[in-house]
1. Pop the C-beta distance of R59 and L206 into the FRET formula with R0 = 41 Å and round what comes out to the nearest 0.05.
2. Using alpha carbons only, what's the Rg to Rh ratio of the range 144-214 with Rh from Kirkwood?
3. Over all pairs of distinct alpha carbons, what does the Kirkwood formula give as the hydrodynamic radius of the range 1-116, in Å?
4. Provide the gained length on full extension for the span M1 to K103, in nm with one decimal, where the gain is 0.36 nm per separating residue minus the Cα-Cα distance.
5. Non-local amide H neighbours of E183 (under 5 Å, H modeled in plane, Pro and chain starts lacking H): which ones?
6. By count of other Cβ within 10 Å, fewest leading, how are D219, D63 ordered?
7. Quick one: putting +1 on the C-beta of Lys and Arg, -1 on the C-beta of Asp and Glu, what dipole do you get for the range 166-277 around its Cα centre, in Debye to the nearest 20?
8. Say R0 is 30 Å: what FRET efficiency, to the nearest 0.05, do A44 and Y76 get from their beta-carbon distance?
Amino acid sequence: MRPVLLHSDALNALRVPHAFSTRFGGYSVGPFSSLNFGNPGDIASSGRDPATNIHANTRAVLDAIGTPRREVVQVYQVHGDQVRVVRRGGPSHEPEWKGNDTKADALVSNDPTRVLAIRTADCAPVLLSTRDGRVVGVAHAGWRGVVAGIATRTVDAMRSLASDPGADIVASIGPCIGADAFEVGPEVAAEFQRTFGEASPHVRTLAAPHDRSGKCLVDLKGALCDQLTRAGVPIVDVLPHCSVSTRDPESGMPMFFSHRRDRGLTGRMIAMIGCPG
């Protein structure tokens, strides 16, 4: 069974192994069918996708991107601004953390024996690499992560690890909830306007007759592209897919897992990147 994956033209040009997953081509069943990488946090153990399925799906993606024997490093995502730096030859996690329980929303590494990964189900995955491929990064960016500046912090960590404050970085923003689907309340809109300005193009008021109690639409991809550009990233490759609405043209099935569309009972996509071997 071969996973259906998406790739960035900009990262392909650097020959950096990477992928954004869809929900097709895996081993999971039911609401997690089929290329699933995680479970909703509040679901009972009896209804969860078994770890064996998730492991098989992970191995399939590693094989597909040409990194079958690498260690996969993940973190416990908390919608914050912390970046975990994994150095060549150093530990994946500090001793006080068990397994993948390091609390962070981004990873940066210069170790070609590892692959960095984050999981999403509407939040935006961001993959990054220096032009020489020696330092790579991945970030999980929901609205809280965006206003906290997780993308900028990831770029800063990459440049610090590269020992070059001016290191040229290429980024790609993968499938996430689109600007026409991400309806938020006035408190979230206010956070974006505080971060990007009152006249921010990343916040749109719902037009009549759809206006409901000050709700707005927020553009995660546009906001992230803005932040990355301001951080000096010259190339930001934005994939066009919306995790809520994009469907497979042949089957008509939803192409991605979506927490909002599926009201919480859904799987998780994965975004992976590693240094060239």
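1. 0.40
2. My calculation puts Rg/Rh at 1.10.
3. 15.6
4. 33.5 nm
5. none
6. The fewest-first ordering by Cβ neighbours comes to D63, D219.
7. Computed about the Cα centre, the dipole is about 260 debye.
8. Taking R0 as 30 Å, the efficiency between A44 and Y76 is 0.90.
Read-outs: derived from the displayed coordinates by stated rules, not from any lab. Being a predicted model, the structure only gives us computed values, none of them experimental. Cβ atoms come from the backbone with ideal geometry, glycine included; neighbour counts cover every protein chain shown.
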